[in-house]
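Below is one structure; the comments refer to it alone.
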Amino acid sequence: MRVLGIETSCDETGIAVYDEEQGLLSHALYSQVKLHADYGGVVPELASRDHVRKIVPLIREALAKADTRIEDLDGIAYTKGPGLIGALLVGACVGRSLAFAWNKPAVGVHHMEGHLLAPMLEEDAPEFPFVALLVSGGHSMLVKVEGIGRYEVLGESIDDAAGEAFDKTAKLMGLDYPGGPRLAKLAAKGEKSGYKFPRPMTDRPGLDFSFSGLKTYAANTIAAEPDDEQTRANIARAFEEAVVDTMVIKCRRALEQTGFKRLVIAGGVSANTRLRSSLAELMQSRGGKVFYPRGEFCTDNGAMIAYAGLQRLKAGERETLAVKGQPRWPL
Ligand code: KG4
Ligand code: ZN
């Protein structure tokens, strides 16, 4: 089985071709980061328009790179939600229409299922069951994963997502959008300092997260401290350590609760090196193992949607002829 995957939920147009036997055959990505940078965040209307501009050329590119003709495809998968409705509808319209025109089955994929299964694209892929920490710009959640479609959300953010907290704190520090990776770069230059950022919601049982208080703590610290590069780097480091510590504590709890030995981290924030090394240490100390996608598949991409879509098609799932996007959609 060979599937074309389409991702357009936010500000990346991602297209890929995945083959059940041969694995990932190609992927093409266009990031709109530059387009939105001037506005300090994603402007939904501009995002939709740019997806319209890029989607067909990228589909052509991905099919050509995969040496795949239309008749070689067994289905089309597109991100159906959650995400920006205008952006989602571009992928859904194109995906559903091509499937109709080419007489192929179509399937709508949950964006977070895509992230969750992204480590399956790697050679060293995890076996089921595992605990997944999904941390992106829009979501933070811990999920008990027992198989394809067998997901139980153990905890999630009650306010800002982890990536959102990174981005908002970066903005407070005068860093350009998208701030997460820039803040991480600045934090790498930071020295150990006395800043006492809280570890939110770790003083009580449960697996939910809350990150908006860290952003406020950062705002107050920035306002109270001198405005020089080293001080900012120290604050960035203290902020990052607080986010990472909090996630490590919650992951440990989730592993204790489930008894699982495998941990997956995915979503944009899983590109963070401090998070990766801290979770690797945690898993080593527990005699388990951590799995993550390669850097480019941590953030949004078409490969994860093609993979998840193939699994769903194999399970017999099909979209109706209606073109649907689902901006809110629980996992
Ligand atoms: O998964 P993703 O590409 O898009 C969503 O589905 O939201 O995640 C993007 C998020 C942004 O908030 C970005 O700042 C964050 O991931 N991010 C990082 C790093 N790289 C990306 N946050 C912290 N450290 C990083 N190295
Ligand atoms: Zn995402």
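Return only the number of the condition from (1) in contact with a Phe, Trp or Tyr (Cβ under 6 Å, 6 or more places away or on another chain); (2) surrounded by fewer than 23 Cβ atoms within 10 Å (Cβ to Cβ); (3) touching a residue at least 40 places away in the same chain (Cβ under 8 Å); (4) of a type in the set (Gly, Ala, Ser) that residue 165 does not satisfy.
(2)
Does at least one position in region 247-266 carry a residue that is more than 18 Å from residue 129 (Cβ to Cβ) and open to solvent by 50 Å² or more (accessible area, probe 1.4 Å)?
no
Inspect region 5-13 for any residue being modelled with pLDDT of 95 or more, more than 14 Å from residue 94 (Cα to Cα) and open to solvent by 50 Å² or more (accessible area, probe 1.4 Å) and give the result as yes or no.
No; the residues of region 5-13 include none that is modelled with pLDDT of 95 or more, more than 14 Å from residue 94 (Cα to Cα) and open to solvent by 50 Å² or more (accessible area, probe 1.4 Å).
Just to check your reading of the model, which residue among 241, 225, 256 is without any contact (Cβ under 8 Å) to a residue 24 or more places away in the chain and in contact with a helix residue (DSSP H, G or I) (Cβ under 9 Å, 6 or more places away or on another chain)?
Checking each option against the conditions leaves just 225.
Can you give me the number of residues within region 169-224 that are part of a loop (DSSP other than H, G, I, E, B), closer than 30 Å to residue 256 by Cβ, of a type in the set (Gly, Ala, Ser) and open to solvent by less than 30 Å² (accessible area, probe 1.4 Å)? Steps first, answer last, please.
Here is the first cut: in region 169-224, the residues part of a loop (DSSP other than H, G, I, E, B) are 173-178, 188-208, 210-211.
Of the ones still in play, those that are also closer than 30 Å to residue 256 by Cβ are 192, 195-208, 210-211.
Right, trim to of a type in the set (Gly, Ala, Ser) and you get 206, 210.
Applying the additional criterion that residues be open to solvent by less than 30 Å² (accessible area, probe 1.4 Å) yields 210.
Qualifying residue count, region 169-224: 1.
Can you find a residue in region 87-95 that is outside any helix (DSSP H, G or I) and either more than 23 Å from residue 325 (Cα to Cα) or touching a His at 6+ places or on another chain (Cβ under 6 Å) (or both)?
We begin by selecting, within region 87-95, every residue outside any helix (DSSP H, G or I); these are none.
No; the residues of region 87-95 include none that is outside any helix (DSSP H, G or I) and either more than 23 Å from residue 325 (Cα to Cα) or touching a His at 6+ places or on another chain (Cβ under 6 Å) (or both).
Only one of 16, 37, 62, 28 is touching a His at 6+ places or on another chain (Cβ under 7 Å), more than 16 Å from ligand 2 (Cβ to nearest atom) and small (Gly, Ala, Ser); which?
None of the others qualify; the one that does is 62.
Given the conditions (1) without any contact (Cβ under 8 Å) to a residue 40 or more places away in the chain; (2) exposed (fewer than 15 other Cβ atoms within 10 Å of the Cβ), report the number of the one that residue 46 does not fulfil.
Among (1) without any contact (Cβ under 8 Å) to a residue 40 or more places away in the chain; (2) exposed (fewer than 15 other Cβ atoms within 10 Å of the Cβ), the lone unmet condition for residue 46 is (2).
Checking residue 276 against (1) in a helix (DSSP H, G or I); (2) charged (D, E, K, R); (3) open to solvent by less than 70 Å² (accessible area, probe 1.4 Å); (4) more than 16 Å from ligand 1 (Cβ to nearest atom): exactly one of these is not met. Which one?
Result: residue 276 passes all but (4).
Determine which single condition residue 7 fails, assuming it passes every other condition in (1) within 30 Å of residue 171 (Cβ to Cβ); (2) in contact with a Leu (Cβ under 8 Å, 6 or more places away or on another chain).
Unmet for residue 7, out of (1) within 30 Å of residue 171 (Cβ to Cβ); (2) in contact with a Leu (Cβ under 8 Å, 6 or more places away or on another chain): (2).
The values are calculated or read from the model by the stated rules, or taken from the named source; none is laboratory data. As the structure is a prediction and not an experimental result, all values here were calculated from the model. With ideal geometry, Cβ positions are generated from the backbone for all residues, glycine too; neighbour counts draw on all protein chains shown. For the accessible areas, the whole protein counts, side chains as well, though only heavy atoms, and no ligand, DNA or RNA atoms are used. Shrake-Rupley method; radii C 1.70, N 1.55, O 1.52, S 1.80 Å.
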